[in-house]
Structures are given as C-alpha cells and as structure tokens.
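One structure is given below, encoded as structure tokens.
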Amino acid sequence: MKPSIILYKTLPENLVARLKEKVDVIQVNNLSPETVQANADAFASAAGLLGAGGKVDGALLTAMPALRAASTVSVGYDNFDVDALTQRNVLLMHTPTELTETVADTLMTLILATARRVLEVAERVKKGEWTSSIGPDWYGVDVHHKTIGIIGMGRIGMALAQRAHFGFGMPVLYNARRHHTEAESRFGARYCDLDTLLSEADFVCSILPLTDETYHVLNAEKLALMKPSAILINAGRGPVIDEPALVDALKSGKIHAAGLDVFEQEPLPVDSPLLSLPNVVALPHIGSATHETRYNMAATAVENLLNALEGKVEKNCVNPAVAKQA
Ligand SMILES: NC(=O)C1=CN([C@@H]2O[C@H](COP(=O)(O)OP(=O)(O)OC[C@H]3O[C@@H](n4cnc5c(N)ncnc54)[C@H](O)[C@@H]3O)[C@@H](O)[C@H]2O)C=CC1
Ligand SMILES: O=C(O)C(=O)CO
C-alpha cells in the first residue's frame, strides 16, 4: 500500500501526477483546525505534508501521529515549530536554492521603485497631471553609487549585493550572524554592527529570516539611527520590523521612504496606515512570485517530500539530525 500525504496547496497537474506515482494524495484547502477536524482520519494516517503558508505546530502534529516528513514550498520556515518536528522525528524540507535570484530582483525593484517614486509619478501621468515639463516635485533620488546596507547576508543577500555592486556601483555594508569572506572579496562588502549599518546606509535592506532574535529587531530606537534621507526595504519577514514604529518614522520624516514586500499581518489589512503614505511601496509578498520560480519551487518541494519519505535527504533538509537517527 502506498503511503498517503496531505497536500494543502494547489500544484500544477503534472506535479500532482508525479506525487501520485509514489503516494496517495489527499488535497485540502488549508491547515486550519476546521479542515483538520473535517479530514481527521486522513490527517491521522498521513506520512507526508506538502504546501506553503500554514502553521505547523504541536497541535497539528498531535493530529498527525503517522507524519514522517513535511515539505514547504518556500525557503522560510518560521511557520513551523522545528523543535516539535524534530522531537517527533519528522523531517522538514524546504526550497533554499530556486528562488534566490528572483527575490533579489524583487529587492532591486523595491529599491528602484521607492527611490524614483515610480508608483506615484505613474499614477500622476494616468490622472492627466503631466501637462508640461516636469519639475522637482516629480524627482526622485539616485540609486547608483549610493551605499546599500544588507541585513542578512545569506543566499538572497549575496544575490542582492551582486546586483548592487556590479550593476549600480554601490558600496555594500552588511550585517549577519557571521563574517562573509566571499561577500567581502567579491563585492568589497564591509561587515558592520547593526547600528553602524543603519546610520551609514542610504538603502537599508532587510532579508532576515524571522526568529526569536530577529522579531522587531528594527524597532523605533533602531529606525531612529537611520538618516532622514535613507530608504528602508524589507523582503524578509514582516515582524522583523515594528510596523507602528515604521509608520511613525515615515510620517514624521525620520526616514525618507519604505519598500515592503512583507508585513506583520498578511494579507495587509486595507486600513493599514502604511497604505495611506505616499512614500510607501507595498507589494503583496511577491518576492519569489514569477511563473518560472514558483514552478521550480513546487517541483523541488515535491521531490523533497518523495526523497524524505524514502529516507534520502542529502539536501534541502532543515533538521537533518532526524534523518541520521532513522
Ligand atoms: N519576500 C519573499 O517572498 C521571500 C522572503 N524570504 C525570506 O528571506 C529569508 C532569507 O532567505 P535566504 O537568504 O535564502 O536565507 P539564508 O539562511 O541564506 O540567509 C539568512 C541570513 O540572515 C542572517 N541572520 C539570521 N539571523 C540573524 C540575526 N539575528 N542577525 C543578523 N543576521 C542574521 C544569517 O546570518 C544569514 O546571513 C528567508 O528566511 C525568508 O524569511 C525568502 C524568500 C522569498
Ligand atoms: O520562500 C519564502 O520564504 C517566501 O517567503 C515565499 O517565496
């Protein structure tokens, strides 16, 4: 008998067919308690879990005693209780390589869109306000040769540094948990403590994972260190920034603008004060959202799950210690 899995994301047909070669697939819409309750037997007997975005915590794991592997269509895994998974010998697989370049493109998009006020001026053109030669009220600020500060010099941080350094001639500052010799040799990047980076960078770009340590790391006190001309970009995770403090910094001119792909609450509520600020570019968490990259992520997540269920976990595993115990 084939093992069964819970699939909580819509996948292209060919990838579902690939799964069905090896496992029985039970498709559900999400991982809400209502869904789990309505499909209690399927959840109880499933060996695998595949999807994106749902919360996988102790309560869900209790409802899934047969679970052996979970596979997320994402690189971030802050929605998983990794300790609880590891305690129960459940492997967690993710997609760390497919999306790196695409997310770096998104970060560059936010940098350019905020600096050049792309949304604001395009809106004015649509409203018919471009009736004569433009003046300073349409101007933005330069990106090229300005200093970029990257908080989180991992895979995506490196791809951003490459674009900033080679494409835009930008000096690169960075902060991470460790010095990154490759970033220093390839991009001349300079390691800084967080306070120095915040006070020197023209573009402060956060691409941090969400952890206990990074929660609200960019709070009012830290934002106050930024230059009034500086622009804050966040494509890591929303709760890394204290959002009310950011709104205050943007409203009071303590910082110039913000480009955001992620928020404390997603989808961003329509009444969020961020949406009423002209100096904010808000995107709906599209960091990796191109057809090509989302397909590649899904295909990798499928193979990750099938491999994990067969005990093959050479790569893409968040808690490889589980595999060693098996
Ligand atoms: N907006 C979007 O659609 C996407 C967002 N992401 C987010 O970006 C994050 C980073 O992705 P990768 O670059 O692939 O991860 P990575 O693991 O390669 O890099 C993470 C970097 O953050 C640093 N870091 C972690 N904790 C830190 C701390 N407390 N202080 C300073 N630095 C710290 C690490 O040292 C490392 O340099 C993901 O975890 C995810 O949350 C990733 C993909 C798409
Ligand atoms: O992969 C992630 O972590 C995302 O946020 C979406 O691609």
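The values are calculated or read from the model by the stated rules, or taken from the named source; none is laboratory data. Here the structure is a predicted model, which is why all the values come from computation and not from measurement. So basically every Cβ, Gly included, is an ideal-geometry build from the backbone, and we count neighbours across all protein chains shown. Side chains included, ligands, DNA and RNA excluded: accessible areas come from the protein's heavy atoms. Shrake-Rupley method; radii C 1.70, N 1.55, O 1.52, S 1.80 Å.
Find the percent of Cα-Cα distances in segment 100-282 that exceed 31 Å, and round it to a whole number. So the portion of pairs separated by more than 31 Å is 14 percent.
Think of segment 100-282 as a dipole: +1 on every Lys or Arg Cβ, -1 on every Asp or Glu Cβ, centred on the Cα centre; then among A220, T106, L246, T106 lies furthest on the positive end.
The phi torsions of segment 302-319, fed into the Karplus equation with coefficients 6.51, -1.76 and 1.60 and a -60° offset, translate into couplings of 5, 5, 4, 5, 4, 4, 4, 5, 8, x, 9, 10, 6, 8, 6, 9, 7, 10 Hz, rounded to whole numbers, with Gly and Pro shown as x.
Treating each Cα of the chain as one equal point scatterer and applying the Debye formula with no solvent, the log10 of I(q)/I(0) at q = 0.14 Å⁻¹ comes out as -1.09. Of the peptides 205-216, 262-273, the ranking by mean beta-carbon count within 10 Å, highest at the top, reads 205-216, 262-273. Select from I26, I241, I156 the residue whose mean-square fluctuation is largest in a Gaussian network model of the chain (Cα-Cα springs shorter than 10 Å). Its mean-square fluctuation being the largest, the pick is I26.
Rounded to the nearest 20, the Cβ-based charge dipole of the chain about its Cα centre (Lys and Arg +1, Asp and Glu -1) stands at 600 debye. Over the chain, what percent of the accessible surface lies on carbon and sulfur atoms, probe 1.4 Å? Answer for the chain: carbon and sulfur cover 53 percent of the accessible area. Take every DSSP beta bridge whose two residues both sit in the chain; close to 5 percent of them are antiparallel. Entry comment: accessible area of the chain is 49 Å² per residue, from protein heavy atoms only and a probe of 1.4 Å.
Taking the chain as the reference, fit the longest principal axis to its C-alpha atoms, fit the long axis of helix 13-22 to the helix C-alpha atoms, and give the angle between the two in degrees, 0 to 90, nearest 10. Approximately 40 degrees, to the nearest ten. Peptides 100-108, 171-179 ordered by packing proxy, namely the average of other Cβ atoms within 10 Å per residue, highest first: 100-108, 171-179. Computed from Cα atoms, the angle from the helix 100-115 axis to the main principal axis of the chain rounds to 30 degrees. For K146, K20, the ranking by accessible surface with the largest value first comes to K20, K146, using a 1.4 Å probe.
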